[in-house]
Amino acid sequence: PYVYATAGPNTFDCSGLVQFAVFQAGGSISRSAASQASAGIAVPFSNGDYSALAPGDVLCFAFNGGGVSHSGMYLGGGQFVHAMNPRDGIRIDSLHNYWGNSLAYVRRVFY
């Protein structure tokens, strides 16, 4: 389930889930969504065109002109996994809607 400021293994917030997944795959990444926006290397994208993204890429979201405040991990096919909130928990969503409009950075930590 989602619990703010946790990084697993039993509860996660958004950046904690990303960090836990990266660590489990043998990589390294910082803890906060904002700092995850500068991890690894940048992956180019435009809203609606996610062809350059690969499974495992870190997605960083900014809302209403603010800074990065949410992160998730790309699964492929326009889908990503993220720890949403206490009500919705960990879920898979599509970038081809609200989330695509808020995607600010894509970072590749495995290359």
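The values are calculated or read from the model by the stated rules, or taken from the named source; none is laboratory data. Everything quoted here is computed from the prediction, not taken from an experiment. Glycine also receives a Cβ, built like all others from the backbone with ideal geometry; neighbour counts cover every protein chain displayed. To get the accessible areas, we keep the full protein, side chains included, count just its heavy atoms, and leave off ligands, DNA and RNA. Shrake-Rupley method; radii C 1.70, N 1.55, O 1.52, S 1.80 Å.
Would you mind telling me which residue in Ser51, Ser32, Ser94 has the biggest mean-square fluctuation in a Gaussian network model of the chain, where springs connect alpha carbons within a distance under 10 angstrom?
Ser51
Enumerate the calculated ³J(HN,Hα) couplings along region 13-22 in order (Karplus 6.51 cos²θ - 1.76 cosθ + 1.60, θ = phi - 60°), each rounded to whole Hz, writing x wherever the residue is Gly or Pro.
9, 4, 6, x, 5, 4, 4, 4, 5, 5
From the C-alpha gyration tensor of region 71-111, pull out the three semi-axes of the equivalent ellipsoid (sqrt of 5λ each), sorted largest to smallest, in whole Å.
Values: eigenvalues 61, 32, 20 Å².
Result for region 71-111: semi-axes of 17, 13, 10 Å.
Could you rank Val22, Val3 by how accessible they are, 1.4 Å probe, largest area first? Intermediate values should be presented prior to the final figure.
Values: Val22 0, Val3 60 Å².
Largest accessible area first, the list is Val3, Val22.
How far apart, in nm, are two points set 7 Å out from the Cα along the Cα-to-Cβ line at Tyr4 and at Arg91?
For Tyr4 paired with Arg91, the spin-label model returns 1.9 nm.
So what J values fall out for region 51-65 if you push phi through Karplus, 6.51 cos²θ - 1.76 cosθ + 1.60 with θ = phi - 60°, rounded to Hz, Gly and Pro as x?
Once θ is set to phi - 60°, the couplings for region 51-65 become 5, 7, 6, 10, x, x, 5, 8, 9, 10, 10, 10, 10, 6, x Hz.
Can you give me the % of accessible surface on the chain that is carbon or sulfur? Probe 1.4 Å, all protein chains present, nothing else counted. Let's see the in-between values first.
Values: 2970 of 5470 Å².
Whole-percent figure for carbon plus sulfur exposure: 54.
Given the rule -39500 (n - 2.57) for each run of at least 4 DSSP H residues, summed and divided by the residues of the chain, what is its mean residue ellipticity at 222 nm, to the nearest 500 deg cm²/dmol?
Working: 3 runs with 20 residues, N = 111.
Theoretical 222 nm ellipticity from helices: -4500 deg cm²/dmol.
Quick one: what are the phi-derived ³J(HN,Hα) couplings along region 68-73, Karplus 6.51/-1.76/1.60 with θ = phi - 60°, whole Hz, x for glycine and proline?
4, 9, 8, 9, x, 10
What are the semi-axes of the equivalent ellipsoid of the chain, taken as the square roots of 5 times the eigenvalues of the Cα gyration tensor, listed largest first and rounded to whole Å?
Working: eigenvalues 73, 51, 33 Å².
Result for the chain: semi-axes of 19, 16, 13 Å.
Once amide H atoms are built 1.01 Å from N in the peptide plane, which residues 5 or more positions from Ile90, or in another chain, come under 5 Å H to H?
Tyr2, Met84
Under a 1.4 Å probe, what is the accessible area of the chain per residue, stated in Å²?
Details: 5470 Å² over 111 residues.
On a per-residue basis, 49 Å².
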